[in-house]
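A quick write-up on the structure given underneath.
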Amino acid sequence: MADEQTALDLAMFRRDAIHRLSWAGNPLVFASFWLGGMFWLVSIAMAWPYLAYVTTGTKAHGQTWAFDPTKEGPGSFHLFVAASAVFAFGIAVRFLSGAAGRRRLAAETAWAARLPFPVVGYPAVVGREWFWYRIHIAFTSPFDATSETFAGLMRRIDPAIKVTGRAQAADLEIEYSRNRTEAQNTRALIATVHRLVDEVLVPGLGANPVASVTFE
């Protein structure tokens, strides 16, 4: 049972990670898929009497009106065709958005695997969290992670980083605004992680080799 729950959690984290790494939040996705879908449903309701007349030959009647297919029909049908085209475009954009998220997740996984030290929990962390992150960095030799120099370096990488240091290790806490979207915070985290690795951890391997980096 525990294994099944773990598998479900991993699947959920992967789904959320793909969503946050996709084009989520892009106005084009929202407008073409969600608004386009609602527009399409409305156009079906408007075109239905005309479609019923074309297929059955019977005019639609209400309590106070009679639908004239020769007048109202073609316009409602053309609206339905236009809405269908917009919604089809929205479906394609949403599919491409998901594909982009899966590609980005695979790229981040491959990037972490190529680093000269083990990285645990990345990029899976973007599926678990969306505004608060904790990174534990272990060094192979004594390193003063409590120094103001190290803390200042972290703040230059990302002002949201808070540093807690101890012997041969550093704990970084990153908290972003919950007023931003999940996708915005995820993009900010990825940029910070790349700068942390590329500008600090990898160049500093000679003086202060990194034993591991763990995202908790």
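Rule-based calculations on the coordinates, nothing more; no lab input. These figures come from a predicted structure and were not determined experimentally. Cβ: placed from backbone, ideal geometry, glycine included. Neighbour counts: every protein chain shown.
Backbone geometry of the stretch 132-142 corresponds, through the Karplus equation with coefficients 6.51, -1.76 and 1.60 at θ = phi - 60°, to 3J(HN,Hα) couplings of 10, 9, 10, 10, 9, 10, 9, 10, 7, 9, x Hz, x marking Gly and Pro.
For the pair MET46 and ILE91, a Förster radius of 22 Å applied to the C-beta separation gives a FRET efficiency near 0.60, rounded to the nearest 0.05.
Remark: the stretch 78-85, residue by residue, has Karplus-estimated 3J(HN,Hα) of 5, 5, 4, 5, 5, 5, 5, 5 Hz, where x stands for each Gly or Pro and the curve is 6.51 cos²θ - 1.76 cosθ + 1.60 at θ = phi - 60°. The modelled label-to-label distance between TRP132 and ARG178, using points 7 Å beyond Cα along the C-beta direction, is 0.8 nm. Near the amide H of ALA169, within less than 5 Å, lie the amide hydrogens of PHE139, PHE143, ALA145, all on another chain or at least 5 residues away, with H placed in the peptide plane. Across the stretch 127-216, Cα-Cα pairs farther apart than 16 Å form 52% of the total.
Stretching the chain fully between GLU199 and GLN168 yields a gain of 9.2 nm (0.36 nm per residue, less the alpha carbon separation).
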